[in-house]
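Q: Below is a structure I'd like to ask you about.
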Amino acid sequence: MDGTKLEFPSETFDIAFSFSSIEHFGGKGHSGSLKSMKEIERVLKPGGIAVIATEYIINDKDHPEFYNKKTIYSDLIDKLDSLKLVEPLDLRITTKTLDTVLEWHEALDNSDDEEFAKSHPYLLLNLENLLFISVMLVFKKQ
């Protein structure tokens, strides 16, 4: 099923999940992500919850798929009609987190290592000077 055109009637679900997928729907200015979120908004019942994980760039570089501090609001959160964050985003990054930056290939090389997973529960990745992490957005439909 196309995530930007859900084949369900409006106001069908109490909860919707999306884990690291909306950022891949393309379009200028994250328009594919917004289209997907508008569909989630449509299929949720009033009072429904949307739990969305997406990639977030902490060093404010622009990227056609991932969000940064500006675009997560301007291209997504502020453009939703009835989905509102359940609490404000805390996008602060501690120096302790910054000390855990991994190169993209290192995380991939160790993805099946149980000890590595225990010592790296949160991944802050570096890919060609793009520092990113996943961020969880929780919305409630008004």
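The values are calculated or read from the model by the stated rules, or taken from the named source; none is laboratory data. These figures come from a predicted structure and were not determined experimentally. In this analysis, Cβ positions are derived from the backbone assuming ideal geometry, glycine residues included, and neighbour counts consider all displayed protein chains.
Q: Check D60 against each of (1) among the acidic types (D, E); (2) at pLDDT 95 or above; (3) assigned to a loop (DSSP other than H, G, I, E, B) and name the one condition it does not meet.
A: Among (1) among the acidic types (D, E); (2) at pLDDT 95 or above; (3) assigned to a loop (DSSP other than H, G, I, E, B), the lone unmet condition for D60 is (2).
Q: I'd like to know if segment 82-93 contains one or more residues that are in contact with a His (Cβ under 9 Å, 6 or more places away or on another chain) and not charged (D, E, K, R). Lay out the reasoning, then the answer.
A: Here is the first cut: in segment 82-93, the ones in contact with a His (Cβ under 9 Å, 6 or more places away or on another chain) are none.
The answer is no; no qualifying residue exists.
Q: Within segment 83-91, does at least one residue satisfy the condition of being in contact with a strand residue (DSSP E or B) (Cβ under 8 Å, 6 or more places away or on another chain), surrounded by fewer than 13 Cβ atoms within 10 Å (Cβ to Cβ) and among the acidic types (D, E)?
A: yes
Q: Out of T54, T100, which single residue is part of a strand (DSSP E or B) and not basic (K, R)?
A: T54
Q: Sticking with this structure for a sec: What are the residues in segment 63-89 that are closer than 19 Å to L131 by Cα and either in a loop (DSSP other than H, G, I, E, B) or in contact (Cβ under 8 Å) with a residue 12 or more places away in the chain (or both), if any? Give the derivation first.
A: Taking segment 63-89 first, the residues closer than 19 Å to L131 by Cα are 63-73, 89.
If the condition is that a residue be closer than 19 Å to L131 by Cα and either in a loop (DSSP other than H, G, I, E, B) or in contact (Cβ under 8 Å) with a residue 12 or more places away in the chain (or both), then H63, P64, E65, F66, Y67, N68, K69, K70, T71, I72, L89 are the ones that fit.
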